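Asker: Below is one structure. I have some questions about it.
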Amino acid sequence: LEEAPLQSGLLLRSGKAGQFVAGADLNEMAALEGAPRGEIDQILDLGSDVFNRIGQLPFPSAVLIDGPCLGGGLELALAMDARIVASSPRVVLGCPEIRVGLIPGWGGTQRLPRLIGEAALHLIASGEAVSAPQALKIGLIDEVVPEDRLLDEGILRLKEMADRDSWRQVRQKRAGPLRIEGTEFASPTGDSQPSTPPPR
């Protein structure tokens, strides 16, 4: 894919109806207990490298979600340029791994705050999942569509991003610095009162 710059785009969806990625297999993770640090680092690096490569493809990408999108599934979705979700009660998005003592390890702690700002802290620290309407409200996804329109809308979104070249701006934001909210900005003297925040 990386060597095919003439492709119009990458559209990703699960082969299982009503499902996307519900997270890692906890049994596999438990099997890593006591494993050498190098082996664990290798697994983390592999996931990060794959998602980074997806995020740097020379054409736009979009993911179609019609079921649970949790843990590594959400981190995969965050590496794409657009996230289109079915209007189904089955759809939930979140980072539940904190509930077993883990934090997102494949770039989610970096991509999520760049996408939705301080709302990312709650998702990562609480492990709670959000519904499709909630995800749309906080900017986690781009669109909610009827289930039977999911594929068609994905194709339309890819074409639109390619025609307008808007996917490049999406990536610039994703690769840029984290935004600093006014309440988080302190002067160099350490004053507790926030000074004028830096331009965004």
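Asker: Could you tell me what percent of the accessible area of the range 60-154 is made up of carbon and sulfur, with a 1.4 Å probe and every protein chain present?
Answerer: That share works out to 59 percent.
Asker: Now for a separate question. Mind checking the per residue accessible area of the range 76-140 for me, 1.4 Å probe, whole number of Å²?
Answerer: I get 42 Å² per residue for the range 76-140.
Asker: Which FRET efficiency, nearest 0.05, do R164 and V50 yield, Cβ-Cβ r, R0 22 Å?
Answerer: 0.20
The values are calculated or read from the model by the stated rules, or taken from the named source; none is laboratory data. None of these values were measured; they are calculated from a predicted model. Methodologically, a virtual Cβ is constructed for each residue, glycine included, from the backbone with ideal geometry; neighbour enumeration extends over all protein chains shown. Please note that ligands, DNA and RNA were not included when accessible areas were found on the heavy atoms of the full protein model with its side chains. Shrake-Rupley method; radii C 1.70, N 1.55, O 1.52, S 1.80 Å.
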